[in-house]
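Below is one structure, written out as structure tokens, with a few remarks after it.
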Amino acid sequence: MPSVLDNAMSLVCRTADFLDFQRRFHGLEIVERLRVPDKVIMFRATVQLDEGGVRVYQCYRIQHSDILGCYKGGIRFHPDVDLDEVKALALWMSLKTSLVGIPYGGAKGGITVDPKTLSVTELERLVRKYTSRLVNDIGPNIDIPAPDMGTGAREMAWIYDEYRKYRDVARGVVTGKPVALGGSLGRKEATGRGVVCAMLEAVNDLGLQDYRVAVQGFGNVGSHAALDLFERGIKVVAVSDITGAVCNPGGLNIPAMIKHRDRTGGIYGFADAQPIAMEELIAFDCEVLLPCAKENALTADNAGAVRAKLVAEGANGPTTPEADAILVKNGVLVVPDILANAGGVIVSYFEWVQNREGFYWEEADVNQRLFIRLKSAYARVRDFSTQRKISLREAAYCLALEKIVQAMVDRGVQ
């Protein structure tokens, strides 16, 4: 199976052909400059364990492009993290920030680790070691990390605290921090809320009424998307996470499910639901599917079983190119990840702005600004899609890449 980086680059290459980059920018090696990151940082972190001995971890930070601004991207802790995955995530971040009009380039970081296998003190040592090795490569005007899978506000606080040992105090060095340390209200919920915002725009375009939603993945993105839907009175009828999958055709009690997950570590065994097989979630009887877990959730093997009329991608790269072609052929509208899950980086940008101004916004203001920016981006993508008779994903890539490449050419090559 092609890697996630292969999948990401395949659409970049197709978009470059569609936009005729080879003729328009002959000799400028546009695709190669998009394929190869500005900087690839790899190192090991050796961490002292609480009970003696040490453990060695592979660490990454990929700075893909600073064409549109300083690098920006999350840090992922997961046992499957590898170089190709982090490169793909950094590329997607460049596209995402371009598409939604944020003055950032793309970056991503990761450590090949299961954070659940470490104590809190061991995890803190790992985060601080990772930060100290990157102290010359990150900064509020250089590269701004943020949370991703396996990390959160706690880890961002450790990064901020470690960084300030070496540099002047700069709250904007990292986003997704605790509010007490300069974090923005609404940042934790932003990606999930953004998925719902993009979904609602697509729902209106399709004219769906009394629709039901299935959510694959119940981490930070999926759980906040599901909670937002529940609070709007929209039925979430099926949910899955790494521990299992459950359904309730009458609608799941999402606040109760979140309490169960926080108490037990997963949704398995949630009382007010029926267990289903993990693979049944993708094919569940619903109108809207939100894949909010990992990459390659929808493949050529299962995309044909999708019964939803709308897929809004909360995860990064959840749909392979082969699966995307099947969904389009079957008339399923797909809101792509670089649009649907951009809420996190948008509110990270808001946090960075608030840190620099020293003036902090109310959560209602944050949410209003988030929705305005996402709705505007969705409208541009939809209109371009309609004009060119292409999918929303193809339209999003066209708009994002055109902006990056124009800036690339304007800046020159020396």
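Derivation of every value follows stated rules applied to the coordinates shown; laboratory data play no part. In this text the structure is predicted, and so the values were computed from the model without any measurement. When we count neighbours, we look across all protein chains shown, and the Cβ atoms used for this are built from the backbone with ideal geometry, even at glycine.
May I ask you to derive the FRET efficiency for Ser376 and Asp84 from their Cβ-Cβ distance with R0 = 22 Å, giving the value to the nearest 0.05?
0.10
Under a straight-distance cross-link criterion of Cα-Cα below 29 Å, which lysines are reachable from Lys108, leaving out those fewer than 8 residues away in the same chain?
Lys39, Lys72, Lys87, Lys96, Lys116, Lys129, Lys165, Lys177, Lys188, Lys294, Lys375, Lys403
Please give the residues of the stretch 247-264, grouped as numeric ranges, whose backbone N is less than 15 Å from a label point set 7 Å along the Cα-to-Cβ vector of Asp272.
Counting backbone N atoms under 15 Å from the label point, the list is 247-262.
Positive end of the charge dipole of the chain (Lys, Arg +1 and Asp, Glu -1 on Cβ, about the Cα centre): tell me which of Val169, Leu49, Leu99 has its Cα farthest that way.
Val169
Using the crude model of +1 on Lys and Arg Cβ and -1 on Asp and Glu Cβ, and no other charge, please compute the dipole size for the chain relative to its Cα centre, in debye to 20.
Rounded to the nearest 20 debye, it is 800 debye.
Can you give me the distance in nm between label points at Val135 and Asp285, each placed 7 Å from the Cα along the Cα-to-Cβ direction?
6.1 nm
Comparing Arg212, Arg125, Arg193, which has the greatest mean-square fluctuation in the GNM of the chain with Cα pairs linked when under 10 Å apart?
Among Arg212, Arg125, Arg193, the largest mean-square fluctuation in the Gaussian network model of the chain belongs to Arg125.
For the stretch 189-340, count the residues as N, evaluate 2.2 N^0.38 Å, and divide the Cα radius of gyration by that value, please.
0.93
Please compute the Kirkwood hydrodynamic radius of the stretch 25-103 from all pairs of different C-alpha atoms, in Å with one decimal.
Working: mean 1/r = 0.0688 Å⁻¹.
About 14.5 Å for the stretch 25-103.
Along the charge dipole of the chain, Cβ charges K/R +1 and D/E -1, which of Thr264, Leu181, Ala400 sits furthest on the positive end?
Value computed over the given set: Leu181.
Could you give me D for the stretch 311-398, from Stokes-Einstein at 20 °C and 1.002 mPa s, where the hydrodynamic radius is the Kirkwood radius over C-alpha pairs? Units µm² s⁻¹, please.
Working: Rh = 14.4 Å.
So the translational diffusion coefficient is about 149 µm²/s.
Working out 0.36 nm times the residue gap between Lys165 and Arg33, then minus their Cα-Cα distance, what length gain in nm do you get to one decimal? Don't skip to the end; give the middle numbers.
Numbers: separation 132, 0.36 × 132 = 47.52 nm, distance 3.52 nm.
Value of the extension gain: 44.0 nm.
Step by step: find N for the stretch 37-183, compute 2.2 N^0.38 Å, then divide the Cα radius of gyration by it. What's the final number? Could the numbers behind the result be given before it?
Numbers: Rg = 14.5 Å, N = 147, 2.2 N^0.38 = 14.7 Å.
Normalised Rg, Cα atoms only: 0.99.
Go through 334-340, 80-86 and give me the packing order, highest mean Cβ count within 10 Å leading.
In descending order of packing, they fall as 334-340, 80-86.
Please find the FRET efficiency linking Thr264 to Asp114, where r is the Cβ-Cβ separation and R0 is fixed at 22 Å, and quote it to the nearest 0.05.
Computed FRET efficiency for Thr264 and Asp114: 0.75.
What percent antiparallel are the DSSP beta bridges of the stretch 37-183, to the nearest 5?
60 percent
Just need log10 I(q)/I(0) for the chain at q = 0.06 Å⁻¹, Debye formula, equal scatterers on the alpha-carbon atoms, no solvent, rounded to two decimals.
-0.23
Placing unit charges on C-beta atoms (Lys and Arg positive, Asp and Glu negative, everything else neutral), compute the dipole magnitude of the stretch 37-183 about its Cα centre in debye, rounded to 20.
Magnitude of the dipole: close to 300 debye.
Step through the residues of the stretch 66-83 one at a time and calculate ³J(HN,Hα) from phi using the Karplus curve (6.51 cos²θ - 1.76 cosθ + 1.60, θ = phi - 60°), rounding each to whole Hz and writing x for Gly and Pro.
Whole-Hz 3J(HN,Hα) from phi for the stretch 66-83: 10, 4, 9, x, 5, 5, 8, x, x, 10, 10, 10, 7, x, 9, 4, 9, 4.
Which FRET efficiency, nearest 0.05, do Asp6 and Gln209 yield, Cβ-Cβ r, R0 51 Å?
0.80
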